[in-house]
Every structure is written in C-alpha cells, then in structure tokens.
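Right, one structure below, let's go through it.
Every read-out reported here was derived from the displayed coordinates using simple, explicitly stated rules and does not represent laboratory data. What you are looking at is a predicted structure, and each value in this text was computed from that prediction instead of being measured. Positions of Cβ are backbone-derived with ideal geometry, glycine not excepted, and every protein chain shown enters the neighbour counts.
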Amino acid sequence: MDLGIRGRTAAVAAASMGLGFGSAAALVAEGVRVAICSRDRARVEAAAKRLGADVVAIVADVSTEAGAASFVEQVTAQLGSIDILVPNAGGPPPGTPAATALQAYRDALDLNTLSTIVMCQRAVAAMRERKWGRIVAITSAGARSPITTLAASSTARAAITSFLKVLANEVAKDGVTVNSVQPGVHATDRIKHLGPIEEIAKRVPAGIVGDAGDFGKVVAFLCSEPAKFVTGTSVLVDGGAFPGLI
C-alpha cells in the first residue's frame, strides 16, 4: 500500500531507541524526511545514522516545556516545516497510587502530558494553515486500562488522551488528524529490565511481546493519506491484553 506521504516531513520525539525509533524507521521507509531527538547527543546521532543519511539528529529534553518547544523549533528550522508530529517520551518510575509521591505525579505530567501539549501547540498552527497535518502521539495501554503499579504513568497518559481528543475535534476541518497509539508490552529496553521476555509474553493473549518495528508501521499508517478519516481515536497495540470492549 502506498501511504501517500513520500516527501513529507516528520518530527519524532524521544526516538533514539524503542518505540520512537521504530516509528521513525517506518516513516523513513515511506520516504518521509525525519528529524528525531534525544537528551543524549551521542545516542541520537548514532540512531540517526542507523536510520539513514538524511535523518536529522536534534538534542532536546522534551520533559521540559523549553525542551519540547525547542525540538519543534529546531525541526522547523532544519526541515522547513513539520507535516507529521509524533510526540513521545519515556515512562515515569513505577509505583502504586497511594505510595506514589505527589511530586512523582507532577513529574509524570511534565513528561507525558505537558510535553505533548507544548509540541502540539507549537506545530499545529502551521499544519492548519497548510490544510494538512498528522499528529500521532505514543502513549500507553495504561491510558485505557490503568495499571496499578504504574499510577503516575496511567494518570498522565489518560490526561493527554483527553487533550488529544479535544484537539482533534478543533482541527479536523483543517485537514489535520490527531490520534494516539497505546502500546502494550513491547520488546524495548525498558520492558527487558522487568524480567525475562518469555515470562512476560505468557501474560499476553497473543503469546508474544510486541516488536517496535511493527508498532512503528501502525504509527506510519495513521500518518498516511488513506488514514485521513481516522481522527480523535486511540489505537491499542497490545496483543489482545486489554480486557474490555471499548
């Protein structure tokens, strides 16, 4: 399938590894000009080199308002425009609701909620002017089915899902779609620290954990021309782990 986005430009946050890297790789494969960021210069430059010679490496800490804004500004300066924005950030530390300190919730909101809001606000106006744009945020299955041991993360992800929904309704008439992808367990470095992959996979109905490259292709489809009528929604990519109907 031709996704119809060859020649478009994309900013993929926190993409030196994991699901962000997988998303950037999928967009590069579709002929998109991609910029990625990380807090670590050596890591982001190495990732950009693996993705392709034309990929732009940017140092930015999107957990802060200034860093999130700087990422969008630097991408715009280097690529000329941002057609596709993939907000993404790392996950907060684990903790149950009662045991998680208030500051940890504040940190999670900065990292997973406010950073995405800043990036969207900085990028969406130009998308609306051009009458074309795609915003696909990487969140978590915990936004739909809260995870008791990831209280701060689940809270922050639910908040940004609400923001993305109301933003989608505001900009739909301008040819801009806004969606999120909610990953379950994927074979990233973060998950590998939780225990043997084989044991983790036993808790997933599909019997396997997700692949970051496959996940990236879901993101790329939502950025595509054929997906122009898909907006204001959240797509689960979790191997059937979510227990509910909607």
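Take the Cβ atoms of A99 and E73, set R0 to 30 Å, and the FRET efficiency comes out at 0.20.
Remark: the Cα gyration tensor places region 9-237 in the rounded category, a/c being less than 1.5. Label positions at E65 and V235, each projected 7 Å from the Cα along the C-beta direction, are separated by 3.3 nm. The aspartates and glutamates within cross-link reach of K49, meaning a Cα-to-Cα straight distance under 15 Å and a gap of 8 or more places when in the same chain, are D40. Working note: 222 nm ellipticity from helices only, DSSP H runs with n ≥ 4, each -39,500 (n - 2.57), summed and divided by the residues of the chain, gives -13000 deg cm²/dmol to the nearest 500. With θ taken as phi - 60° and the Karplus curve 6.51 cos²θ - 1.76 cosθ + 1.60 applied, the whole-hertz 3J(HN,Hα) list for region 180-190 is 9, 10, 10, x, x, 7, 10, 7, 9, 4, 4 Hz, x standing for glycine and proline.
In the chain, a dipole from Cβ-located charges (positive for Lys and Arg, negative for Asp and Glu) runs towards its positive end, and of W132, V209, A53 it is W132 whose Cα lies farthest in that direction. Counting only residues at least eight positions apart within a chain, or on another chain, the lysines with an alpha carbon under 19 Å from that of K202 are K192. If only the Cβ of Lys and Arg carry +1 and only the Cβ of Asp and Glu carry -1, the dipole of the chain around its Cα centre is close to 200 debye. Phi angles across region 18-24 convert, under the Karplus curve 6.51 cos²θ - 1.76 cosθ + 1.60 with θ = phi - 60°, into 3J(HN,Hα) values of x, 5, x, 4, x, 5, 4 Hz, Gly and Pro given as x. Applying a DSSP loop filter and a limit of 15 other Cβ atoms within 10 Å to the chymotrypsin sites (Phe, Trp or Tyr not before Pro) in region 161-246 leaves F229.
What whole-number distance in Å separates the alpha-carbon centres of region 165-182 and region 134-152? Spelled out, the Cα-based centre of one part sits 18 Å from the other. Label zone of I208 (point 7 Å out along Cα→Cβ, amide N under 14 Å): in region 18-45 this covers no residue at all.
The lysines whose alpha-carbon is closer than 20 Å to the alpha-carbon of K131, local same-chain residues fewer than 8 away aside, are K165, K173, K228.
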